[in-house]
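S.K.: Got a structure here, written out as structure tokens. Questions coming.
The values are calculated or read from the model by the stated rules, or taken from the named source; none is laboratory data. What you are looking at is a predicted structure, and each value in this text was computed from that prediction instead of being measured. Backbone-built Cβ (ideal geometry, glycine too); neighbour counts: all protein chains shown. Heavy atoms of the whole protein, side chains included, go into the accessibility calculation; ligands, DNA and RNA do not. Shrake-Rupley method; radii C 1.70, N 1.55, O 1.52, S 1.80 Å.
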Amino acid sequence: MSSTSTAPAVALEASGLGKRYGRQGAALEDCSFRLPAGRISALVGPNGAGKSTLLAMAAGLLRPTSGTLTVLDGAPGEHRDRVAHLAQNKPLYPQLTIAETLSMGAELNPARWDAACAARIVEQGGLDPKSRIRSLSGGQRTRVALALALGKRPELMLLDEPMADLDPLARHELMGTLMADAAEHGTTVLMSSHIVAELADACDHLLLLGGGRVRLGGGIDDLLTAHTVVTGRGTPEDLTRRGHTVIESRTAGRGLTALVRRDGPVDEGWATEEPSLEELVLAHLRAPAAPALLTPSTTPAPQAVTA
Amino acid sequence: MSALTLEAAAPAPAPPRSGLVRTVLRLHRAALWIWLAFVAGTAGLLLWLLGPGADTAQRALDTYGYSGLIMAMGSADEYSSRFYYADTLLTVGSFAVALFAGGPLIARELETGTAQLAWTQSVSPVRWLAAKLAVPAAFVVAGTGLLTLLYHQLWTAHGNLLIAGIQPRALYFSLGPATVAAPLLGLALGALIGLAVRRTLPALAFSGFAYFLVYAFRGNHWPFQGRYQAPELHSRSRAITATGARVADPDCYDDKACLAKHHVVGFSREYLPSSDYWPRQLLETGVLLALTAVAVALAFGLLRRRAATG
């Protein structure tokens, strides 16, 4: 149980994390996971699954109602200088110009500010630094907000729907900038999005939230390997009897197509295929009752270590 | 205590205070200019009242005594009403401070999420709120402090040109350190309401109402002050005769022949210095500052409960 030096550093660790909003019920409940440092993780889940809440708590903007959350080996908000957060509505001060917004970034993050990096992102979009934020389109604001987030050279980036307002070209380009920057500096990224296909290219880690918990967590390759799309003649019970967990099944023609969590090899009679990330995510979204799966690196350490 | 441990543990130093102050100044540039214009304009009015504005009334007092002031000789009685314009402006300015604190300073930022943007830079919510309160407070103290000093000068110089009644007494007793403390309380109440309500429009309404309560209690209506004495009707005006003796006003009004008959060559008037002034002022200032401290403490408590601070 001693802290093992071989284990990869942990950027984010949640244990029994919960957040309630008044009487509306819980946005998160008993949510536990760990995000190893250096991963680029996709945070997916249905609307209202608590994605934004989780990101805001990690950024030190909201206090959890229960449980603990450790961010870069500290309490949330302890290392504000090393964590960047991009909120869903991309708040910026409308009365400032782009140049003033970036100066504010420099003034508020004096220890880490990389003016060249921030300026480059703004330039790429062909934006005039003298234009006011209030005159920008949604996508242009996103670009400035991202410049502000990347300019502080964070070790952990929490991005809430970062690309939602961007046109496909800008999205592709900004995602490329973001990923190149993260790869170069070893930044850990946790990014929520509804566009799963887009995440598949950029991310190597997945956290799927549902019912207030992490339903699926781990490296994307590991998760895909653990699941198989099987097609053949048989019933879901046949698969279950073999120890596989059927996440979702549907009749296709005269046979059955199912996404299963394998336990050992699948019987000869079934045609097997590795699912795409989208298939995996959709199957789990459609089957809220499926048991959770967290790969070992994403499973939180026992309570005693985190306390 | 958490700030201490953080400073010891974190290798990266917290941003120097100047950066945060510059940011707050930049964000509220418009409000800052309006405030400076307000202070300059009100100071201009006070200086005018202190200088050329008082000439007519002073001449009326010198020639006809108190009667000259109340008999509407030219603009003599207008001076008495203009004297209170500056007080009205100060009241309006203090209201504006409370509304500004409730709306644009705090609630609007929470509503649009820009406060959260600041908190995800290297600035903790507590430092953010501290800067958001300290910078405007410095300008409020400097501005109202200057205006109060000028007003006090004006009272000393020309308080004797005012027509006696409840109004000059109310002004006399309300003018002093409490004039500076009241908008500070407005600032603190506005910030507290902004943090509690988190939406601009309701925060504006509640801040306005809260400062209205402060305003209503000010000017000697605090329960702890009791009532001040009924306004004396005696004008305290004395006539000066050719021999230099000070005698009672012969009640000649503007009858020059009557004045000549009484050998009156001038008048003097001393109005309202009261031994009661400082006890009342200091008590009121103390209460206002104590309420300010309570509001600020509640605001920080609320912020700490909401956001993870570190």
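S.K.: Can you confirm whether A:Pro110 is touching a Pro at 6+ places or on another chain (Cβ under 6 Å), free of Cβ contacts under 8 Å to residues at least 24 places away in the same chain and more than 15 Å from B:Gln116 (Cβ to Cβ)?
M.R.: Yes.
S.K.: Something else: Would you confirm whether any residue within the stretch B:135-149 is within 14 Å of another protein chain (Cβ to nearest Cβ) and either touching a helix residue (DSSP H, G or I) at 6+ places or on another chain (Cβ under 7 Å) or closer than 30 Å to B:Arg269 by Cβ (or both)?
M.R.: Yes, the stretch B:135-149 has at least one match.
S.K.: In this structure, is B:Leu110 open to solvent by 50 Å² or more (accessible area, probe 1.4 Å) and in contact with a helix residue (DSSP H, G or I) (Cβ under 8 Å, 6 or more places away or on another chain)?
M.R.: When the stated conditions are applied, B:Leu110 does not pass them.
S.K.: While we're here: Here are some residues: A:Leu158, A:Leu148. Which one is under 19 Å from the mean Cα position of the chain (by Cα) and within 13 Å of chain B (Cβ to nearest Cβ)?
M.R.: Among A:Leu158, A:Leu148, only A:Leu158 is under 19 Å from the mean Cα position of the chain (by Cα) and within 13 Å of chain B (Cβ to nearest Cβ).
S.K.: Something else: Going by what's in this entry, would A:Ala111 be described as under 23 Å from B:Ser18 (Cβ atoms), facing chain B (nearest Cβ under 8 Å) and either open to solvent by 40 Å² or more (accessible area, probe 1.4 Å) or among the small types (Gly, Ala, Ser) (or both)?
M.R.: So A:Ala111 passes the test.
S.K.: Within the stretch B:143-160, is there a residue that is among the small types (Gly, Ala, Ser), surrounded by 21 or more Cβ atoms within 10 Å (Cβ to Cβ) and at pLDDT 95 or above?
M.R.: There is at least one residue in the stretch B:143-160 that is among the small types (Gly, Ala, Ser), surrounded by 21 or more Cβ atoms within 10 Å (Cβ to Cβ) and at pLDDT 95 or above.
S.K.: Is it the case that the stretch A:206-222 has a residue that's surrounded by fewer than 21 Cβ atoms within 10 Å (Cβ to Cβ) and more than 29 Å from A:Asp165 (Cα to Cα)?
M.R.: Checked the stretch A:206-222: at least one residue is surrounded by fewer than 21 Cβ atoms within 10 Å (Cβ to Cβ) and more than 29 Å from A:Asp165 (Cα to Cα).
Residue-by-condition table, conditions (1) of a type in the set (Gly, Ala, Ser); (2) surrounded by fewer than 20 Cβ atoms within 10 Å (Cβ to Cβ); (3) at the interface with another protein chain (Cβ under 9 Å from one of its Cβ atoms):
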| residue | (1), (2), (3) |
| --- | --- |
| B:Thr91 | no, yes, no |
| B:Ser94 | yes, no, no |
| B:Ala98 | yes, no, no |
| B:Gly103 | yes, no, no |
| B:Gln116 | no, no, yes |
| B:Pro125 | no, no, yes |
| B:Trp128 | no, no, no |
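S.K.: A further question on this structure: Here is a list of conditions, (1) under 29 Å from B:Gly145 (Cβ atoms); (2) not in a helix (DSSP H, G or I), and B:Val294 meets all of them except one; can you say which number that is?
M.R.: Among (1) under 29 Å from B:Gly145 (Cβ atoms); (2) not in a helix (DSSP H, G or I), the lone unmet condition for B:Val294 is (2).
S.K.: Applying the selection to the stretch A:95-104, what residues are more than 7 Å from chain B (Cβ to nearest Cβ) and in a helix (DSSP H, G or I)?
M.R.: Correct list: A:Ile98, A:Ala99, A:Thr101, A:Leu102, A:Ser103.
S.K.: Something else: For the stretch B:105-114, which residues satisfy the criterion of being among the small types (Gly, Ala, Ser) and facing another protein chain (nearest Cβ under 8 Å)?
M.R.: B:Gly113
S.K.: Follow-up. Can you give me the number of residues within the stretch B:273-283 that are open to solvent by 50 Å² or more (accessible area, probe 1.4 Å) and assigned to a helix (DSSP H, G or I)?
M.R.: Total satisfying the criteria: 4.
S.K.: I've got another one for you. How many of the residues in the stretch B:189-213 are of a type in the set (A, V, I, L, M), surrounded by 19 or more Cβ atoms within 10 Å (Cβ to Cβ) and within 20 Å of B:Ala297 (Cα to Cα)?
M.R.: Going through the stretch B:189-213 one residue at a time, the tally reaches 8.
Rundown of residues vs (1) under 28 Å from the mean Cα position of the chain (by Cα); (2) under 18 Å from A:Leu280 (Cα atoms); (3) buried (at least 17 other Cβ atoms within 10 Å of the Cβ), yes/no style:
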position	(1), (2), (3)
A:Thr225	yes, yes, no
A:Thr231	no, yes, no
A:Gly243	no, no, no
A:Ser249	yes, yes, yes
A:Ala258	yes, yes, yes
A:Arg261	yes, yes, yes
A:Val266	no, yes, yes
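S.K.: What do you reckon, is A:Ser52 of a type in the set (Ser, Thr, Tyr) and farther than 17 Å from B:Thr120 by Cα?
M.R.: When the stated conditions are applied, A:Ser52 does not pass them.
S.K.: Which residue pairs have Cβ atoms closer than 7 Å, lie 6 or more positions apart in sequence or on different chains, and pair a first residue in the stretch A:229-258 that is assigned by TED's automatic domain parsing to the domain that holds A:Leu285 and over 10 Å from A:Trp270 (Cβ atoms) with a second residue that is open to solvent by less than 10 Å² (accessible area, probe 1.4 Å) and outside any strand (DSSP E or B)?
M.R.: Final answer for the pair search is A:Val246/A:Leu239; A:Ile247/A:Ala283; A:Ile247/A:His284; A:Glu248/A:Ala283.
S.K.: Between a first residue in the stretch B:189-216 that is more than 17 Å from B:Glu109 (Cα to Cα) and a second residue that is surrounded by fewer than 24 Cβ atoms within 10 Å (Cβ to Cβ), which pairs have beta carbons less than 6 Å apart while being 6 or more apart in sequence or on different chains?
M.R.: Within 6 Å, the pairs are B:Gly208/B:Leu99; B:Tyr211/B:Phe95.
S.K.: How about the stretch A:42-53: which of its residues are in contact (Cβ under 8 Å) with a residue 40 or more places away in the chain and surrounded by fewer than 22 Cβ atoms within 10 Å (Cβ to Cβ)?
M.R.: If the condition is that a residue be in contact (Cβ under 8 Å) with a residue 40 or more places away in the chain and surrounded by fewer than 22 Cβ atoms within 10 Å (Cβ to Cβ), then A:Pro46, A:Ser52 are the ones that fit.
S.K.: Specify the residue that is surrounded by the most Cβ atoms within 10 Å (Cβ to Cβ); the eligible residues are those in the stretch A:117-141 that are of a type in the set (Gly, Ala, Ser) and under 27 Å from the mean Cα position of the chain (by Cα).
M.R.: Only one residue tops the list, namely A:Ala118.
S.K.: Now for a separate question. What helices (runs of 4 or more DSSP H) completely inside the stretch A:190-307 contain at least 3 residues that are under 22 Å from A:Asn47 (Cα atoms) and either of a type outside the set (Ser, Thr, Tyr) or out of contact with any strand residue (DSSP E or B) (no Cβ under 7 Å at 6 or more places or on another chain) (or both)?
M.R.: A:196-202, A:277-286
S.K.: Can you name the residue in the stretch A:54-78 that is in a loop (DSSP other than H, G, I, E, B) and more than 7 Å from chain B (Cβ to nearest Cβ) and, of all such residues, is least open to solvent (accessible area, probe 1.4 Å)?
M.R.: Step by step, filter the stretch A:54-78, then rank; the result is A:Leu72.
S.K.: Next up: Scanning for something within 14 Å of chain A (Cβ to nearest Cβ) and under 30 Å from A:Ala59 (Cα atoms), does the stretch B:277-294 turn up at least one residue?
M.R.: No, the conditions are met nowhere in the stretch B:277-294.
S.K.: Checking A:Gln24 against (1) closer than 26 Å to A:Gly219 by Cβ; (2) surrounded by fewer than 24 Cβ atoms within 10 Å (Cβ to Cβ), which test does it fail?
M.R.: Every condition holds for A:Gln24 apart from (1).
Results for (1) surrounded by 15 or more Cβ atoms within 10 Å (Cβ to Cβ); (2) of a type in the set (Gly, Ala, Ser); (3) under 30 Å from B:Leu187 (Cβ atoms), shown as yes or no for each residue.
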| site | (1), (2), (3) |
| --- | --- |
| B:His263 | no, no, no |
| B:Tyr271 | yes, no, no |
| B:Thr285 | yes, no, yes |
| B:Leu291 | yes, no, yes |
| B:Val294 | no, no, yes |
| B:Phe300 | yes, no, yes |
| B:Leu303 | yes, no, yes |
| B:Ala307 | yes, yes, yes |
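S.K.: Name the pairs: first residue in the stretch B:261-283 and at negative phi, second residue open to solvent by 70 Å² or more (accessible area, probe 1.4 Å) and assigned to a strand (DSSP E or B), Cβ to Cβ under 6 Å, at least 6 apart or on different chains?
M.R.: B:Ser268/B:Arg238
S.K.: Can you pull out the residues in the stretch A:80-94 that are more than 7 Å from chain B (Cβ to nearest Cβ), farther than 17 Å from A:Ala106 by Cα and open to solvent by 30 Å² or more (accessible area, probe 1.4 Å)?
M.R.: Selection gives A:Gln88, A:Pro94.
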